[in-house]
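Just so you know, all these numbers are worked out from the coordinates, no wet-lab data involved. What you see is a predicted model, and the numbers here were worked out from it, not measured in a lab. Using ideal geometry, Cβ is built from the backbone for each residue, glycine included, and neighbour counts are taken over all protein chains shown.
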Amino acid sequence: MDLNEDTITQAVLQRNATAASPRLRHVMALLVQHLHAFAREASLTEEEWSAGIEFLTAVGQTCDSKRQEFILLSDVLGLSTLVTASNHRKPRGCTEATVLGPFYVANAPELPLGADIAQGAKGEPCFVRGTVRRDDGQPVADAEMHVWQSDEDGFYDVQHVDREVLAARAVLRSDSEGRFHFRSIVPEPYPIPHDGPVGRMLTALNRHPWRPAHLHFLIHAAGCQTLTTHVFRRGDKYLASDAVFGVRSTLVADWARQEPGTAPDGSVMTSPFHTLNFDFVLARADP
Ligand code: BEZ
Ligand code: FE
């Protein structure tokens, strides 16, 4: 009883102290302490508290089976990058991880090496190749590589309401020497969904919603840690101001523009195309 601004924090900590899970006790104690410290330090007014509740309510109301506004909020606050970075500290030389994002689809079609994964998505053709290796240099055969990307209009297949088929995404498997190659399209920069409360918050903070162009990769391989990452296009004007703080300089690569002629897969291209080479290094699960 008679709790005041000096005693309320301790009272809440005590009330939570008998939770069965030690991890829940620990995490909740930190959450309460930091939340109370924030309110004290900011001298939070009742109007501000109320505006915060309304904002979080709107974030929740914007979520449905296709839209996850809370993850978007975590992304633009840098929390997703913080959690990714602190959970994926890798040995030197390993490919860095970055955020998964909301456009991953678990049931993408598995296509053979060399396939055109664009499957009708629009954009300049691009031929991608590289290798998957472990951090001890051994090639990784049969790595399951999920790839997905935006099209020339900056949209993912799942954002096209008029299109049911999955496009510009696939699952590929590296060959016996860890090599992979596929044809796709050049990805373009795109704004994260910004027609909801998170977009309004970005506007209020004088921030833009753009992400630099990138390919997404999620790579599973036996004996290795799963890698969630992107490859970013060098020269993109949003590299230094990614709305979700996902860029790592080691993940920036050249999409080399080629004049019409013979493509790396032997096909004859009558218009310009691009080539991208990128090698992945996976951390071993139990080095
Ligand atoms: C993406 O790269 O697909 C993405 C990541 C975070 C927020 C929105 C989109
Ligand atoms: Fe993306």
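Data table
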{"item": "Sequence of 24, 282, 77 once ranked by neighbouring C-beta atoms within 10 Å, starting from the fewest", "result": "24, 77, 282"}
{"item": "Whether region 212-287 is rounded, prolate or oblate, judged on the alpha carbon gyration tensor where a/c under 1.5 counts as rounded", "result": "oblate"}
{"item": "Tensor-based shape of region 175-242 (alpha-carbon gyration tensor, a/c under 1.5 rounded, otherwise prolate or oblate)", "result": "prolate"}
{"item": "Table column - 3J(HN,Hα) (Hz), region 200-210, Karplus curve with 6.51, -1.76, 1.60, x for Gly and Pro", "result": "5, 5, 4, 4, 4, 8, 6, 10, 8, x, 7"}
{"item": "Under 25 Å from residue 237, Cα to Cα: lysines that are on another chain or at least 8 residues apart", "result": "122"}
{"item": "Furthest towards positive pole of dipole, 267, 4, 223, structure part the chain, Cβ charges", "result": "223"}
{"item": "All Cα pairs of the chain, percent lying beyond 24 Å", "result": "59"}
{"item": "Under the Debye formula (equal points on every Cα, no solvent term), log10 I(q)/I(0) of region 129-220 at q = 0.11, 0.18, 0.21 Å⁻¹", "result": "-0.45, -0.87, -1.01"}
{"item": "Residue order, fewest to most beta carbons within 10 Å, for 110, 69", "result": "110, 69"}
{"item": "Angle between the chain longest axis and helix 46-62 axis [Cα atoms, degrees, rounded to 10]", "result": "40"}
{"item": "Cα-based convex hull volume of region 131-287 per residue, rounded to whole Å³", "result": "149"}
{"item": "Within straight-line cross-link reach of residue 90, aspartates and glutamates at Cα separation under 18 Å, skipping those fewer than 8 residues along the same chain", "result": "135, 136, 279, 286"}
{"item": "Three-way shape call for region 13-109 based on the alpha-carbon gyration tensor, with the a/c threshold at 1.5", "result": "oblate"}
{"item": "Exposure proxy order (Cβ contacts within 10 Å, fewest to most) of 43, 174", "result": "43, 174"}
{"item": "For the chain: relative contact order, % (alpha-carbon pairs under 8 angstrom, 6 or more apart)", "result": "20"}
